[in-house]
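So the structure is just underneath, and the comments pick up after that.
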Amino acid sequence: MINLLLIRDMFTANSTIGELFINGERFCDTLENPWLDNQRNISCIPEGEYPVRLRLPRESATRDYLHLLVQDVPNRDYILFHRGNFPKDTSGCILVGQGTQQDVVNNSALAMDLLIKEILNLGGTNINLIIKNK
């Protein structure tokens with residue numbers, strides 16, 4: 001089992017910034033939309049526990065790299081972990097990066113590559129995500 005824990009700890013009108021842990025170890029920063037009642041494309045998803053799977057580039061019309069798909073999100077679909085630096089890049093998804101500023105996550109492509117590498121090193125299956133607000 002690969003355990004992902006996302007702790008959201010900075011909330012603004014434009015974004016939600018957090019930290020992602022893999023099996024208890026801090027791994028990277030995250031950026032999501034603000035909480036807007038789980039509205040499609042403009043809100044982060046609810047706190048909770050979700051299965052996650054690797055998603056191949058050929059499954060996506062817009063992502064030409066391996067990324068993660070968060071499953072079983074109430075009233076939502078295609079919630080991804082993917083590259084991006086700003087709230088406009090999220091469309092309700094979770095962006096990863098290394099370092100943050102207000103409403104920005106930095107070095108996203110590198111962080112995404114490292115995240116996928118770590119997931120693959122851990123076997124690439126049985127991925128569980130828990131999201132909590134600080």
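Read-outs: derived from the displayed coordinates by stated rules, not from any lab. The structure displayed is predicted, hence computed values, not measured ones. Here the Cβ is made from the backbone with ideal geometry for all residues, glycine too, and neighbour counts use every protein chain on show.
Numbers at a glance
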{"quantity": "Cut-off 15 Å, label 7 Å out along Cα→Cβ of residue 91, residues of region 1-40 by amide N", "calculated": "33, 40"}
{"quantity": "Distance between modelled label sites at residue 58 and residue 125, nm, 7 Å Cα→Cβ extension", "calculated": "1.9"}
{"quantity": "Debye equation applied to the C-alpha atoms of region 2-133, log10 I(q)/I(0) at 0.09, 0.17, 0.19, 0.22 Å⁻¹", "calculated": "-0.21, -0.81, -1.05, -1.49"}
{"quantity": "Charge dipole of region 2-133 about the Cα centre (unit charges at C-beta), most positive-ward option of 114, 38, 18", "calculated": "114"}
{"quantity": "Distance from region 11-42 to region 86-134 (C-alpha centre basis), Å", "calculated": "9"}
